[in-house]
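Below is one structure, written out as structure tokens, with a few remarks after it.
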Amino acid sequence: MLGLAWPPAAPAQPPGAQVFGEIVFGSSAAALQPGLAVACPVLVPAQPWALRWQSAAPVLRGEAGGVSFAESGELLFATISVDERAVADAARAAAAGSALEHAARRAYEALFALLDARGHGKLLRVWNYVPRINEVEGGLERYRQFNIGRQDAFAGAGRVLEGAVPAACALGVGDGALAIACLASRRTPLAIENPRQVSAYHYPSAYGPRSPTFARAALLRGEDKPLLFISGTASIVGHRSLHVGDVVAQTHETFDNIEAVLAECARVAPEARYRVDELACVVYLRRAADLDAVRAVVEQRLGPRAQCTYVEADICRADLLVEIEASAGHPNLEA
Ligand code: 3EB
């Protein structure tokens, strides 16, 4: 049994469940190991807030190769941080591209080694927090550098670069280390694409020398309820950013994309027929000043039951102002 603790103060459900991993926003330290701290400001609920994973099955915690992990039943939660300043010399010596590219490659190599060693090899969902994501260094935006290292690590580990890839998000944070968290499973998730969008792994090279390696959503079937993760979703149709400068229109376009992913999910997995008002969302805003405008659209599109947290973070395309990630199927999200 897997649950998303929501809100963070809620007691573990069912009784006896224990939290086996967390991503804390608005804080520089996680309370738990494994746990990732993302220092970005939380706008709503205006205090540190965490995504927490809980399970009624026994939890085994450990640390290997720089990766902190916890296994419970068929799931594994893992985190790793790699400070590019600490690997800059190694990157130069290996002629391995930029320090950030090297850090991304190292982080994913370590995660893959751990997942394979633990027998939880199937990556379901990855959260990527990239320092200064939109800065251009050496002629290449840092998000694009990150994509090179990530894709290299997938290929180097013998993993596919398209199709059965995980759901993900990639957000920009201030200075600090590249920080990554993931959920993986013993079972193979179903990757879902959005018919309104070119698959990210097929983006043209105008968006960078290597495509991002992620699916629009991933579904883990065979649970009491199928567990759905919708990747960070933005105002992109085909492969283009739409409504540049108009945060309200971007938010509506983002929900059109999320609804298209839900429809595609129901088509390929009829038992996973989720409505938009059943989603728990994290809304990432580039500018805190857009909160009220975005919140009005979110509440209009999701209805009053919406479980939504708003975090200030940079979006991986410089022309986008908002990105929304969502999930459904957690037992404790039932009304
Ligand atoms: C996009 O759709 C917006 O690089 O892992 C969304 C989700 C985005 C995941 C990633 C990037 C990533 O292209 C950006």
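Coupling constants for region 55-62 follow from the phi torsions by the Karplus curve (6.51 cos²θ - 1.76 cosθ + 1.60, θ = phi - 60°), and in residue order they are 8, 8, 7, x, 10, 10, 9, x Hz; glycine and proline get x. Take region 2-333 with all the other protein chains still there, run a 1.4 Å probe, and you get 37 Å² of accessible area per residue. The peptide list 119-128, 84-93, put in order of mean Cβ contacts within 10 Å with the highest first, becomes 119-128, 84-93. For the pair residue 237 and residue 300, label points projected 7 Å from Cα toward Cβ lie 1.6 nm apart. Summarising the strand pairing of the chain, around 75 percent of its internal DSSP beta bridges are antiparallel. A simple spin-label model places the labels of residue 157 and residue 64 1.3 nm from each other, with each point 7 Å out along Cα-to-Cβ. Of the residues 306, 219, 249, the one whose Cα sits farthest toward the positive end of the charge dipole of the chain, with +1 on the Cβ of Lys and Arg and -1 on the Cβ of Asp and Glu, is 219. Our note on the geometry: Cα centres of region 66-93 and region 219-262, 28 Å apart. Here the Gaussian network model covers the chain, with springs between Cα atoms less than 10 Å apart; of 52, 159, 106, 159 fluctuates the most. Sorting 56-62, 29-35 by their mean Cβ neighbour count within 10 Å, with the most densely packed peptide first, gives 29-35, 56-62. Full extension of the segment from residue 28 to residue 202, taken as 0.36 nm per residue of separation minus the current Cα-Cα distance, would add 59.1 nm.
Leaving ligands, DNA and RNA out of it, rank 256, 292 by accessible area with a 1.4 Å probe, largest first.
292, 256
Sorted largest first by accessible area at a 1.4 angstrom probe radius, with every protein chain in place, the residues 150, 221, 317 fall in the order 221, 317, 150. Taken about its Cα centre, the chain carries a charge dipole of roughly 520 debye when the Cβ of each Lys and Arg holds +1 and the Cβ of each Asp and Glu holds -1. Among beta bridges from DSSP that stay inside region 135-264, the antiparallel ones total about 85%. In the chain, the calculated helix contribution to ellipticity at 222 nm averages -8000 deg cm²/dmol per residue, counting -39,500 (n - 2.57) for every DSSP H run with n ≥ 4.
The values are calculated or read from the model by the stated rules, or taken from the named source; none is laboratory data. Quick caveat: nothing in here was measured; it's all calculated off a predicted structure. Note that we place each Cβ from the backbone using ideal geometry, even for glycine, and neighbour counts take in every protein chain shown. Note: accessible area is taken over every heavy atom of the protein model, side chains too, but ligands, DNA and RNA are not part of it. Shrake-Rupley method; radii C 1.70, N 1.55, O 1.52, S 1.80 Å.
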